[in-house]
1. Take the residues of region 1-57 that are over 28 Å from P67 (Cα atoms) and acidic (D, E): which is most open to solvent (accessible area, probe 1.4 Å)?
2. Checking E66 against (1) surrounded by fewer than 10 Cβ atoms within 10 Å (Cβ to Cβ); (2) part of a helix (DSSP H, G or I); (3) charged (D, E, K, R): exactly one of these is not met. Which one?
3. Just give me the residues in region 26-63 being of a type outside the set (V, I, T), within 15 Å of the chain's Cα centre (by Cα) and not in a loop (DSSP other than H, G, I, E, B), in sequence order.
4. Pairs under 7 Å by beta carbon, first residue closer than 16 Å to M36 by Cβ in region 7-22, partner part of a strand (DSSP E or B) and open to solvent by 50 Å² or more (accessible area, probe 1.4 Å), six or more apart or different chains?
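The values are calculated or read from the model by the stated rules, or taken from the named source; none is laboratory data. Every value quoted in this text rests on a predicted model; they were computed, and no experiment measured them. No Cβ is skipped: glycine too gets one built from the backbone with ideal geometry, and neighbour counts run over all protein chains shown. For the accessible areas, the whole protein counts, side chains as well, though only heavy atoms, and no ligand, DNA or RNA atoms are used. Shrake-Rupley method; radii C 1.70, N 1.55, O 1.52, S 1.80 Å.
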Amino acid sequence: IQDLSARLSRGVDFVRCDFLMAGETVWASELTPCPMGGRQQFQPHFWMEWLGAVWAATQEHRAWPEPPK
């Protein structure tokens, strides 16, 4: 598994590699480029609100809001 993780993450600064195993068979199930699968809380909290607004604007093809100061 460690060798497979190294090969899948070659050239990437950080990636979490998730695998599924059944007997001797191994499948790469997910490659996540952020720790905790993007579920960490930013501090101060207004950064979370801003990132949510950026996501919404992107989905609606609008300009991004100005970042907090």
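1. E24
2. (2)
3. Hits for region 26-63 are S29, E30, L31, P35, M36, G37, G38, M48, L51, G52, W55.
4. So the pair list comes out as V15/L31; C17/A28; C17/L31; D18/S29; D18/E30.
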